[in-house]
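The values are calculated or read from the model by the stated rules, or taken from the named source; none is laboratory data. Since this is a predicted model, take the numbers as computed values, not measurements. Virtual Cβ from ideal backbone geometry, glycine too; neighbours counted across all protein chains shown.
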Amino acid sequence: TAPQDLAGRRILVTAGGTREPLDPVRFIGNRSSGKQGVALARAAADRGGEVTLIVANLDDGVLEPLSPGIAVQHVSTTLELQEATLLAAGTADLIIMAAAVADYRPQTVAAGKIKKETQGDTLELKLVKNPDILHELTGARHDGQVIVGFAAETEPDRDALLALGAAKAARKGVDYLVVNRVGWTETFGKDENVVIVLDATGRNVTEAEGSKSSVADRILDVVR
Ligand code: PMT
């Protein structure tokens with residue numbers, strides 16, 4: 001059994017990827033499976049934490065088997081994730097935003113299926129910016145609350161990746177930022193991950209590589 005070093009801590013984790021509908025049959029989404037976020041929730045519950053897990057569009061089977069100590073809420077769009085997260089954040093001691101959030105959503109959602117017969121050879125979509133949930137969370141942070149963001153980046157150069165991470169940590173106002181390289185074949189849906197954890201000043205505090213559950217434990221060791 002794991003050390004109960006998170007006993008008495010209320011932990012909020014988000015996982016998966018938001019989807020933004022275009023019409024009743026289509027959406028704009030991303031390739032997050034939810035595995036890393038769910039692994040964080042499981043590790044936190046195993047270590048005695050009282051865990052709320054908000055999930056968006058997980059891959060099949062990612063949630064099973066579910067630890068009894070985890071309260072799960074399901075959402076789909078960014079606005080739904082925003083509402084659920086801001087509500088749950090009020091009582092959380094530690095918040096970890098592992099969900100992959102759509103930065104933009106279609107300005108209008110068609111009531112019926114968009115038909116190519118009524119469109120020309122090109123179809124233009126107008127997107128509007130979504131709220132930055134993480135930025136809102138850090139703006140409303142209460143005393144003693146620790147807020148952890150993730151940064152999914154495709155930058156191949158390590159120094160440039162770290163610089164992007166440091167800038168994002170400052171911009172979002174987080175206590176820690178988990179820098180996660182992603183790509184066509186990296187990270188999304190995989191059982192393994194490689195991350196670098198930065199503190200609020202952009203300093204590299206730890207690096208972890210291995211199964212998403214071992215990476216989750218390493219992240220919790222630092223941010224708890
Ligand atoms: O789910 P897996 O297949 O296991 O893959 C894991 C992962 C790659 C999805 C995960 O480890 C990860 O990196 N999640 C964050 C993805 C993301 O949205 O990164 P970002 O750099 O676009 O956003 C930075 C941070 O701001 C994130 O904590 C994100 O949750 C948050 N955000 C982003 C946009 C927005 N509008 N609101 C937000 O809160």
Total residues in the stretch 41-58, condition within 13 Å of the ligand (Cβ to nearest atom), among the hydrophobic types (A, V, I, L, M, F, W, C) and farther than 19 Å from LEU86 by Cα: 1
Pair list, Cβ under 9 Å, 6 or more apart: the stretch 188-201 residue under 12 Å from ASP59 (Cα atoms), other residue within 9 Å of the ligand (Cβ to nearest atom) and assigned to a strand (DSSP E or B): PHE188/GLY17; PHE188/ALA100; PHE188/ALA152
Pairs where the first residue, in the stretch 10-35, is within 12 Å of the ligand (Cβ to nearest atom) and the second is of a type in the set (Asp, Glu) and at pLDDT 95 or above, C-beta under 6 Å, 6+ apart: SER33/ASP59
Of all residues making up the stretch 81-92, the number that are without any contact (Cβ under 8 Å) to a residue 60 or more places away in the chain and within 21 Å of ASP59 (Cβ to Cβ): 1
Wholly enclosed strands (runs of 3 or more DSSP E) of the stretch 84-152 bearing at least 2 residues within 12 Å of the chain's Cα centre (by Cα) and either away from the ligand (no atom under 16 Å from the Cβ) or among the hydrophobic types (A, V, I, L, M, F, W, C) (or both): 94-97
Filtered residues of the stretch 95-113 (kept if touching a Leu at 6+ places or on another chain (Cβ under 7 Å) and under 25 Å from HIS135 (Cα atoms)): ILE95, ILE96, MET97, ALA98, ALA99, VAL101, TYR104, ARG105, PRO106, GLN107
Residue tally, condition surrounded by 14 or more Cβ atoms within 10 Å (Cβ to Cβ), among the β-branched types (Val, Ile, Thr) and farther than 27 Å from VAL25 by Cβ, over the stretch 86-112: 2
Subset of the stretch 154-192 that is under 24 Å from ARG224 (Cα atoms) and acidic (Asp, Glu) - its residue that is farthest from the ligand (Cβ to nearest atom): ASP175
